[in-house]
Amino acid sequence: MQARNLIDLEDISKEDLDEIIHLAGMIKANPSIFTDACHGKIMATLFYEPSTRTQMSFQTAMLRLGGQIIGFDNPSNASVSKGESLKDTIRVVSGYADVIVMRNPVEGSALAASLYSKSPIINAGDGGHLHPTQTLTDLVTLSYEKGTLEGLTIGLCGDMKNGRTVHSLIKTLSKYKGNRFIMISTPQLQMPEYVIDVLKESGCEYSFSDSLEKSIADLDVLYMTRIQQERFASREEYEAQKGVYVLDEQKMQLAKPDLVVLHPLPRVDEITVGVDDDPRAKYFAQAEYGMYARMALIIMMLTNRKGTLPPTVHSSDTRCCKNPRCVTNTEAYVPHLFYENGGKAVCKFCDSLLDE
């Protein structure tokens, strides 16, 4: 595996991705073989916002591989609460740990952290931007539950705008042949333009829908998402969107007999408890697959550990990202970096268009 960090699944090749999926299956089938794979290694988990599955699955993964863990799950218990910058936290922790797993509500924070870390950085979610290891979880689940990652009609339902899990999933599954996407949401929560650009470039068929009931019969995979209260500017905006899409037993009767229902969890009210007993509901199995996916990723990342600081990145670009949730607007020392897409400047950290 050539990539030093995992910020976005775009960082790794399709061949490396397939190797991780294969290794996860080997670990699931023969876990005892891997019990000392990370003996003597330390993983730091830096969680600046709440998490259950992602944090615990990473920690369990490292412990099952024979490694150890350090870190925090509440910034109020760390020097962050005293005003310590992301850069300083990372510089210190990368001197202690062989790999760092970080979740942060600020978009682009994982990429920013990688600029100052001696150890590999794994992005465990950066705001509403990306969540690549959830996508690894999803791919491992689909690979073993559907038997393929190609030729699927995939429905994504709920918060397309702020749902980092669906952004990462679409970007990755668009690399596999014959996949078609149906994005089911209200107009206010539609997919960001940079994700649509990925679909256009890949040549994948895609469409928009405002009705789960009308779309479900066409789907091989249904990926439900939570309407995330923490991503809204006000309680009123959240209340206007929550509860619009609910998967229940009646809608499941309209679906294919081999449909696979996924959800990154936690759920609130978007899937009724009656669906849990349907054999097509795979979201709890999905959470377990996530542990094996992360075990495989940790093994592959630690074989590529450099142990030195990356080259310093400078920028004389005076342009500023307009996204208030971008790390360049919260950590003033982070260089302003942009890339071109379709003749437009896009922030390298949060993928927001400069002129938005």
Protection proxy (average C-beta count within 10 Å per residue), highest first, orders 146-153, 264-271 as 264-271, 146-153
Out of GLY163, GLY343, GLY40, a Gaussian network model of the chain with alpha-carbon springs under 10 Å gives the largest mean-square fluctuation to GLY343
Expected max-MSF residue from ASN179, ASN30, ASN123 in the GNM of the chain (alpha carbon, under 10 Å) is ASN30
For the pair TYR339 and VAL313, the simple spin-label estimate (label points 7 Å beyond Cα toward Cβ) gives in nm 1.0
Placing each pseudo-label 7 Å from Cα in the direction of the beta carbon, ASP278 and LYS256 end up separated by a distance in nanometres of 1.4
The lysines whose Cα lies under 16 Å from the Cα of LYS14, excluding any fewer than 8 residues away in the same chain, are LYS171, LYS175, LYS177
Per residue, accessible area of segment 269-309 with a 1.4 Å probe, heavy atoms of protein chains only, in Å², comes to 41
The chain: relative contact order from alpha carbon pairs under 8 Å, six or more residues apart, as a whole percent, is 19
With N residues in segment 33-115, Rg(alpha-carbon) / (2.2 N^0.38 Å) equals 1.10
Expressed in square angstrom to the nearest 10, the accessible area of LYS282 with a 1.4 Å probe stands at 50
To the nearest 0.05, the calculated FRET efficiency linking ASP88 and MET26 through their beta-carbon distance, R0 being 35 Å, is 0.35
Excluding ligands, DNA and RNA, the carbon-plus-sulfur percentage of the accessible area of the chain with a 1.4 Å probe reads 48
With segment 38-169 reduced to its Cα atoms and the Debye formula applied, log10 I(q)/I(0) at q = 0.10, 0.14, 0.17, 0.23 1/Å amounts to -0.36, -0.67, -0.94, -1.41
Taking 14-21, 53-60 and ranking on average Cβ neighbours within 10 Å, highest first, one gets 53-60, 14-21
The simple spin-label model distance between GLU19 and ILE33, using points 7 Å out along Cα→Cβ, in nm, is 1.6
With only helices counted (DSSP H, runs n ≥ 4, each -39500 (n - 2.57)), the per-residue ellipticity at 222 nm for the chain, to the nearest 500, works out to -9000 deg cm²/dmol
Partner lysines whose C-alpha sits under 19 Å from that of LYS118, ignoring same-chain residues fewer than 8 away, are LYS41, LYS87, LYS306
The value for the chain (convex hull of the alpha-carbon atoms, volume per residue, Å³) is 135
With a Förster distance of 25 angstrom and the Cβ-Cβ distance between THR186 and CYS320, calculated FRET efficiency to the nearest 0.05 equals 0.25
Of TYR292, TYR96, TYR245, the most mobile residue in a GNM of the chain (C-alpha springs, cutoff 10 Å) is TYR96
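The values are calculated or read from the model by the stated rules, or taken from the named source; none is laboratory data. Keep in mind it's a predicted model, so treat the numbers as computed, not measured. All Cβ positions, glycine included, derive from the backbone under ideal geometry; neighbour counts span all protein chains shown. Calculation scope for accessible area: heavy atoms of the full protein, side chains included, ligands and nucleic acids excluded. Shrake-Rupley method; radii C 1.70, N 1.55, O 1.52, S 1.80 Å.
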